[in-house]
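Trainee: My questions all concern the structure below.
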Amino acid sequence: MGLHDFYDAFGRELSDVDSGNPFYSAYCEKRGIECTRLPTAEMKVDGRELFGRMMRSSTYDPLVVEAIRRIRETGQWNVIALTNNFSIPYEAILASPPTATFSPEKELEFLGWANNGGPGNPALRAMFDDFIDSSAVGKRQGLICVLKSKY
């Protein structure tokens with residue numbers, strides 16, 4: 001799937017209140033939390049804008065960061081990030097022909113990938129022994145991974 005096709009599909013799926021509301025309601029019920037008032041009217045999520053914000057974000061949960069640090073500190077485990085995102089290869093974006101409304105270099109900058117060679121900024125990648133893009137290896141969210149000792 002191409003980058004712009006992904007943006008369109010991402011925005012369309014997130015805008016679908018008829019499908020999203022029941023999933024969110026079930027999530028709240030399972031977690032035992034109060035479900036906030038959900039949108040009932042048609043809404044439009046800009047898939048490109050939201051994905052760009054997510055890719056440029058550098059805010060991490062401090063409890064998760066500390067857990068990763070402690071696990072790595074033991075020296076017993078390799079800590080590998082399996083992302084839950086779409087990632088068209090950096091090279092494919094860079095090789096895309098520019099148009100009147102699209103510049104590969106500007107798109108990489110918009111995603112925060114201009115200086116990284118792809119998703120995941122260097123500080124994020126440095127937290128892990130390896131960084132695997134789920135879409136590149138054909139895995140999806142919810143995959144159960146087995147951790148194996150280094151020894």
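Trainee: Starting from 0.36 nm per residue, how many nanometres of slack lie between ILE80 and TYR24 once their C-alpha separation is accounted for?
Mentor: Values: separation 56, 0.36 × 56 = 20.16 nm, distance 2.85 nm.
Separation in residues times 0.36 nm, less the Cα-Cα distance, equals 17.3 nm.
Trainee: Would you mind calculating the gained length between ARG70 and ARG37 on full extension (0.36 nm times residue separation, minus the Cα-Cα distance), in nm to one decimal?
Mentor: Fully extending the segment from ARG70 to ARG37 adds 8.0 nm.
Trainee: Separate question: Compare MET54, MET43, MET1, MET127 by solvent-accessible area with a 1.4 Å probe and give them largest first, with all protein chains kept in place.
Mentor: Final ranking, largest accessible area leading: MET1, MET54, MET43, MET127.
Trainee: When only the heavy atoms of the protein chains count and the probe is 1.4 Å, how do PHE51, PHE128, PHE23 rank by accessible area, highest first? Don't skip to the end; give the middle numbers.
Mentor: Working: PHE51 5, PHE128 35, PHE23 155 Å².
These residues rank, largest area first, as PHE23, PHE128, PHE51.
Trainee: Probe radius 1.4 Å, ligands and nucleic acids left out: which of ILE68, ILE93, ILE33 has the largest accessible area, and how do the rest follow? Could you put the intermediate results ahead of the total?
Mentor: Working: ILE68 25, ILE93 0, ILE33 80 Å².
Largest accessible area first, the list is ILE33, ILE68, ILE93.
Trainee: A further question on this structure: Taking the Cα centre of each part, how many Å lie between segment 91-129 and segment 12-69?
Mentor: 23
Trainee: Once neighbouring chains are kept in place and the probe is 1.4 Å, which whole percent of the accessible area of segment 1-75 is contributed by carbon and sulfur?
Mentor: 54
The values are calculated or read from the model by the stated rules, or taken from the named source; none is laboratory data. Only a predicted model underlies this, so the values are computations on that prediction, with no experimental measurement involved. The accessibility values were calculated without ligands, DNA or RNA, using every heavy atom of the protein model including side chains. Shrake-Rupley method; radii C 1.70, N 1.55, O 1.52, S 1.80 Å.
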